[in-house]
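Engineer: This is the structure I want to talk about, given as structure tokens.
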Amino acid sequence: MPVVVLGLNLAFLNQANPFMVSLRKRVHPAGRQNAAQRVSATLEGARTKTTSSELEMALDRSVEKIRKYRLGAKKFAVAYYLLKSEGFGPRKFTIDDLVASPLRSTSWDGVRNFQARNVLLSMQTGDFALFYHSNCKNAGVTGIVEVVKEAYVDETQFDSSNLDAYDSKATPENPRWYAVDVKLQLRLPRPITLEELKQYAVPGGPLEGMLLFTRARLSVQPVRPEHFQFILRQM
């Protein structure tokens, strides 16, 4: 059955929807390199000018490792993710802040975990993500965002005045961190709290194996299509 929220039919979020398949083909025409391919090409030029430790981190962005984060998504298909943003504290960025942003869009920068970075690198234009409030009293899913710009160099890693984001090992020639742009597509009528979701993550439950519960500290996570659709039905 189609998912309907506030009168909106969200069937367009289904990765098999013909419209989304058509959109994927338009935004990724034949011959255009996706994020994983771009990283692979970059590696070839980086091999001769990086130290062994830098090369090891670069190899962590290999095509094989990036592809695995597009769970259940084939070429030109939509993939789903979960993006954590702090709902409280000095680094908070809430759904209200996103609503107030120009064009309801923002750069998803500041990610400083290599596995989370690899997930960002796997994202393609037209993918969807659950916007999740963490580090607050009522942690949970508060909205749905769409990826509108694929991975690019996160400039905050070069800003020495930004203590949370600065990386002294990163250079413009050999960046270590990347960002994507996302746009709010739906603010949920009510948050779907972590406590609600936990009851479905039991063995045999519809959310069994979801990384939100097995890799709780990972701020950018792939989400299986069946998990994404189930969460939407809880609205």
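The values are calculated or read from the model by the stated rules, or taken from the named source; none is laboratory data. This structure is a prediction, so every number in the text was calculated from the model and none was measured. Virtual Cβ from ideal backbone geometry, glycine too; neighbours counted across all protein chains shown.
Engineer: Kindly indicate which of 163, 211, 121, 218 is out of contact with any strand residue (DSSP E or B) (no Cβ under 6 Å at 6 or more places or on another chain) and over 24 Å from residue 96 (Cα atoms).
Structural biologist: 163
A quick yes/no check of all residues on (1) within 20 Å of residue 121 (Cα to Cα); (2) touching a Lys or Arg at 6+ places or on another chain (Cβ under 9 Å); (3) not basic (Lys, Arg):
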| position | (1), (2), (3) |
| --- | --- |
| 173 | yes, yes, yes |
| 183 | yes, yes, no |
| 188 | no, no, yes |
| 199 | no, no, yes |
| 214 | no, no, yes |
| 225 | yes, no, yes |
| 230 | no, no, yes |
| 233 | no, no, no |
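Engineer: Now, a different point. Inspect all residues belonging to the stretch 101-110 and state whether any of them is surrounded by fewer than 18 Cβ atoms within 10 Å (Cβ to Cβ), over 24 Å from residue 188 (Cα atoms) and at pLDDT 90 or above.
Structural biologist: yes
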